Amino acid sequence: MAYQTMRGFYDILPDKTEAWLQMESLIRTMCTLYDYAEIRTPIVEDTKVFKRENDSSDMVNKEMYSFTMGKDNYTLRPEGTAGVIRSFVEHKFYGSMELPAKLYYIGPMFRHERPQKGRQRQFNQFGVENIGLMSPLADAECIALGYSILKAFGLKSIKVLINTLGDDESRANYRAALKEHFAAHLDDLCEDCRRRYEQNPLRILDCKVDHEKACVQEAPKLLDYLNEDSRQYFEQVLKMLETLGIPYEIDDKLVRGLDYYTHTVFEVVSLHEDSGSQSTIFGGGRYDHLVEYFGGPSLSGVGFAIGLERLMMLIEAEGHPLSEEKSLDVYVMSLQGCQAKALELATILRSHGYKCEANLQPRSMKSQFKTVDRKKARYMIVAGEDEIANNSYTIKDLTTKQEYPTTMEEMVTVLDGLIEGEEI
Ligand code: HAM
């Protein structure tokens, strides 16, 4: 029987991991510049962490990988925010940390969605949460971080979409208006939207099935139901984005697929043809009630998450090329019976920072030379009986074909000298 990854799951193979490491490394550097610290929460949480009372999102109702073991109900995390806030409250960071707490995470998420290009069932997200500062400036700073990361990778065809869901009062008014509007169109709506009508009519605006229908297109606009505070809050976010030089487009239908958002919501989409129908690179927004939900004080947060597979696809399509894996510095060949010495030499070189491989098998010199070529080694050393007996080795520069005699003890100094000479 042939084993394969399951639909929607995939391997990241060794020829890609170097690019992934570089992508993650640049993300970490950018987070450090914005003074975010990394947090690592479990991949599995109590289902209640994600399934909050009366949640109307597809992610929670249809897409979670949940299972029961004994009395406990577990869920593979479908997103990072809930776990981070659970941890923030559990460890009482609101008392011990300077607020806002600025946390970031990178790791796998799981959603049982229909797989297609740019949409997996296991995917990786990088996300940030800024918790404890209710300010339009924090929203703008958050968007600026995400935007500058995409720019740092050289992405050009990107667009920031932004909207506001307003405060609780504005949303309650809007909800009432939507209910009134859709009451006359319930028969036109899909089954899910009829459920959404009862639970959270805002979700109807986000429906992939009903999106184009006239009753959705003609629905009241949230911007018309904002109270003065919410309107001013949104205006200040926009003004700050302008000051920071971040172009945006207001999208009054943007409500986001998760239930916890309040005030600002945003997405960054790619306009590049390779992104296909899954063009959203990152999404996020403000949440006023999550910290309280987990039993903490009344603190608001704002954050976003980037889908790393989508980001990688776009970097490959239009970004700065990520450099290739570094080739070998030294290959240590060995004649029959001398493999142990080859390993000893390689270990010394590695301990001095040289990327090194040694032949540890009984192989012909011809096949070892092939490995030297394949691995694009810069230098080569041979460990044979004579070399070992006389403690006399030769470092061969495989580019210039020059040879340099050395002993085991002096090998690192000689190599250091050669490399230094190259750098001049
Ligand atoms: P989200 O919009 O559900 O937000 O996901 C963020 C990003 O993850 C998406 O824009 C997309 O790039 C990627 N993504 C989502 N689902 C998939 C999938 N099935 N396959 C590949 N990539 C996917 C959140 O998860 C929120 N927690 C963001 C947030 C943080 N809001 C506040 N703080």
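Read-outs throughout are calculated quantities, based only on the coordinates presented, and are distinct from any laboratory measurement. Quick caveat, the model's predicted, so the values are computed rather than measured. Neighbour counts are summed over all protein chains in view; Cβ atoms, including those assigned to glycine, are modelled from backbone coordinates with ideal geometry.
Observations
- Net charge over other residues, Cβ less than 14 angstrom from the Cβ of K51 (K, R count +1; D, E count -1): -3
- Listed from fewest to most Cβ neighbours within 10 Å, the set C142, C207, C31 follows the order C207, C31, C142.
- Applying 1/(1 + (r/R0)^6) with R0 = 22 Å to the Cβ-Cβ distance of R194 and E63 gives a FRET efficiency near 0.65.
- The H211 and A144 beta-carbon pair, evaluated with R₀ = 35 Å, returns a calculated FRET efficiency of approximately 0.75.
- Against the chain, whose longest principal axis comes from its Cα atoms, helix 168-183 is set at around 70 degrees.
- Spacing of the two label points (7 Å from each Cα toward its C-beta) at D168 and T47, in nm: 2.8 nm
- Checked against a 31 Å cut-off, the cross-linked pairs K156/K375; K62/K159; K16/K366 give Cα-Cα distances beyond that limit for K156/K375.
- Folded to 0 to 90 degrees: helix 81-90 orientation relative to the chain principal axis, Cα: 90 degrees
- Projected label points at T399 and K366, each 7 Å from Cα along the beta carbon direction, are separated by 3.0 nanometres.
- Under 14 Å, Cβ to Cβ, from L26 - net charge with Lys/Arg +1 and Asp/Glu -1: 0
- The ranking of S279, S270, S25, S148 by Cβ neighbour count inside 10 Å, starting from the fewest, reads S25, S148, S279, S270.
- For the chain, the relative contact order works out to 15 percent when only alpha carbon pairs closer than 8 Å and six or more residues apart are counted.
- Contour minus Cα-Cα distance for A176 and S351 (0.36 nm per residue): 56.2 nm
- Counting DSSP beta bridges with both ends in segment 330-423, the antiparallel % (nearest 5): 45 percent
- Here the residues T400, T264, ranked from fewest to most Cβ neighbours within 10 Å of their Cβ, fall in the order T400, T264.
- Helix 228-243 axis, angle to the chain major axis (alpha carbon atoms, nearest 10°): 30 degrees
- Inter-label distance for D55 and Q336, nm, one decimal - labels placed 7 Å from Cα along Cα-to-Cβ: 6.5 nm
- Every helix of 4 or more DSSP H residues in the chain counts as -39500 (n - 2.57), and over all residues that averages to -11500 deg cm²/dmol at 222 nm.
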